[in-house]
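One structure is given below, encoded as structure tokens.
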Amino acid sequence: MTRNSERPFAGQKAKQSEIAGIPTRLIVGVVVAGLALWFLLANLNSVRIQFWVFTVTSPLWIALAATLLIGGVLGYLVKGRRDSR
């Protein structure tokens, strides 16, 4: 039986794809970051955010940026946990 030449052997890393010499992961990251920035700048109005005990008035972009940051940290932690298995 022959092995598929595109699949890595045990212990080898898969070859990363590139577009014009730039890793696709970097391209996707820049596009997503640009879209996130555009979305944040489109939402500049102030909003009232109610937590269980208190209420805060803040620009919506700050709340969205905090949510994006928390989601990114959680994603990084979950990915790190999955990679260590």
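Annotations
- In segment 1-41, residue modelled with the highest pLDDT [restricted to those that are small (Gly, Ala, Ser) and loosely packed, with under 11 Cβ neighbours inside 10 Å]: Gly34
- Output for segment 42-64, where each listed residue is under 26 Å from the mean Cα position of the chain (by Cα), open to solvent by 80 Å² or more (accessible area, probe 1.4 Å) and among the hydroxyl-bearing types (Ser, Thr, Tyr): Ser46
The values are calculated or read from the model by the stated rules, or taken from the named source; none is laboratory data. In this text, all values refer to a predicted model and were calculated from it rather than measured experimentally. No Cβ is skipped: glycine too gets one built from the backbone with ideal geometry, and neighbour counts run over all protein chains shown. Accessible surface is based on the protein model in full, side chains and every heavy atom, while ligands, DNA and RNA are left aside. Shrake-Rupley method; radii C 1.70, N 1.55, O 1.52, S 1.80 Å.
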